[in-house]
Amino acid sequence: MAKYTGPDCRLCRREGCKLFLKGDKCFSEKCVFQKRPTPPGIHGAQRKKPTPYSVQLREKQKAKRIYNLTEKQFHKYYTMAEKMRGATGENMLVLLERRLDNVVYRMGIGVSRAQARQIVNHGHITVNGKRVNIPSYLVKAGDVIAVKENKQSLPFFAELKNAKVTNSLKWLEFNPATLSGSIISLPAREDIDMSIAEHMIVELYSK
């Protein structure tokens, strides 16, 4: 399936919850989901009794859209998680959290995962001193993530240096003054603050 290029707010309405795809707009009065929480389409306001399959599908679609992935990309992480020790659903979410674009977003360098992916794609981020422009790069405990030194003077990054530290995640830290942070440890399920029922995704893919 091709990458979705339509309005991001439409995805929030379809999943029935905020996916926080538009950064600060999602926290403001301009949030479309607050004005129109019903699913998009002419029959969106009609109530239908969900089937077990539709509930599982919606949970998978929600997770996929939060991390801004295609179906092929998302299923790849499920396959990887299946081969790991432990609960498949939790392993999958941990793998998704370890993506470099997600880490850049979690550190506050990007206001959304889409923006963080663009920052990585443009070669503005280094991992352990080496430039990495692959958003799917999986970080490890001890890795140091930073904005390239010759990019820190750009207006976008210069503003970040005066920002307050808002990150409260236990598994990573970020210093706005140096525009760098580190992975303290790999994230655990309790560190992932999104309401995703990963067991439903596992049930869907296990059929």
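Report yes if some residue within region 144-162 is assigned to a loop (DSSP other than H, G, I, E, B), touching a helix residue (DSSP H, G or I) at 6+ places or on another chain (Cβ under 9 Å), open to solvent by 20 Å² or more (accessible area, probe 1.4 Å) and of a type in the set (S, T, Y); otherwise report no. Checked region 144-162: no residue is assigned to a loop (DSSP other than H, G, I, E, B), touching a helix residue (DSSP H, G or I) at 6+ places or on another chain (Cβ under 9 Å), open to solvent by 20 Å² or more (accessible area, probe 1.4 Å) and of a type in the set (S, T, Y).
May I ask you to verify whether N121 is of a type in the set (S, T, N, Q), open to solvent by 30 Å² or more (accessible area, probe 1.4 Å), modelled with pLDDT of 95 or more and more than 18 Å from R65 (Cα to Cα)?
Working: of a type in the set (S, T, N, Q): yes; open to solvent by 30 Å² or more (accessible area, probe 1.4 Å): yes; modelled with pLDDT of 95 or more: yes; more than 18 Å from R65 (Cα to Cα): yes.
Yes: the conditions hold for N121.
Scanning region 23-43 finds no residues that are modelled with pLDDT of 65 or more, in a helix (DSSP H, G or I) and of a type in the set (G, A, S).
Checked against the criterion of being out of contact with any strand residue (DSSP E or B) (no Cβ under 9 Å at 6 or more places or on another chain), over 20 Å from M194 (Cα atoms), at pLDDT 65 or above and assigned to a helix (DSSP H, G or I), region 60-74 contains one or more residues that satisfy it. Residues that are among the polar types (S, T, N, Q) and outside any helix (DSSP H, G or I) were ranked within region 97-139; the one that is nearest to L169 (Cα to Cα) is S112. Listed by first and then second residue, the pairs with beta-carbon distance under 8 Å, at least 6 apart or on different chains, first residue in region 75-92 and under 15 Å from L138 (Cβ atoms), second of a type in the set (G, A, S), are A81/G89; N91/A81; M92/A81. Scanning region 173-184 turns up no residue that is modelled with pLDDT of 95 or more, in a helix (DSSP H, G or I) and open to solvent by less than 30 Å² (accessible area, probe 1.4 Å). Of everything in region 44-59 that is open to solvent by 40 Å² or more (accessible area, probe 1.4 Å), of a type outside the set (A, V, I, L, M, F, W, C) and at pLDDT below 85, the residue that is nearest to the chain's Cα centre (by Cα) is P50.
Determine which member of the set L96, L138 is in contact (Cβ under 8 Å) with a residue 40 or more places away in the chain, of a type in the set (A, V, I, L, M, F, W, C) and touching a helix residue (DSSP H, G or I) at 6+ places or on another chain (Cβ under 8 Å).
Working: L96 fails: in contact (Cβ under 8 Å) with a residue 40 or more places away in the chain.
Of L96, L138, the one residue that is in contact (Cβ under 8 Å) with a residue 40 or more places away in the chain, of a type in the set (A, V, I, L, M, F, W, C) and touching a helix residue (DSSP H, G or I) at 6+ places or on another chain (Cβ under 8 Å) is L138.
Within region 186-205, the only residue that satisfies the criterion of being at pLDDT 90 or above, open to solvent by 50 Å² or more (accessible area, probe 1.4 Å) and in a loop (DSSP other than H, G, I, E, B) is L186.
Filtering region 143-159 to residues that are under 21 Å from the mean Cα position of the chain (by Cα) and either of a type in the set (S, T, N, Q) or more than 14 Å from R106 (Cβ to Cβ) (or both) leaves V144, A146, V147, F156, F157.
Annotation note: Cβ proximity below 9 Å between a residue of region 120-133 that is more than 15 Å from S182 (Cα to Cα) and a residue that is in a loop (DSSP other than H, G, I, E, B) and hydrophobic (A, V, I, L, M, F, W, C) (sequence gap 6+ or interchain) occurs for V120/V132; V120/I134; N121/I134; G123/V132; H124/I109; H124/L154.
Look through region 79-92, keep the residues that are open to solvent by 10 Å² or more (accessible area, probe 1.4 Å) and in a helix (DSSP H, G or I), and return whichever of them is nearest to I192 (Cα to Cα). Ranking the qualifying residues of region 79-92, first place goes to E90.
The values are calculated or read from the model by the stated rules, or taken from the named source; none is laboratory data. Here the structure is a predicted model, which means the values were calculated and not measured. All Cβ positions, even for glycine, are placed from backbone atoms using ideal geometry, and neighbour counts span all protein chains on display. To get the accessible areas, we keep the full protein, side chains included, count just its heavy atoms, and leave off ligands, DNA and RNA. Shrake-Rupley method; radii C 1.70, N 1.55, O 1.52, S 1.80 Å.
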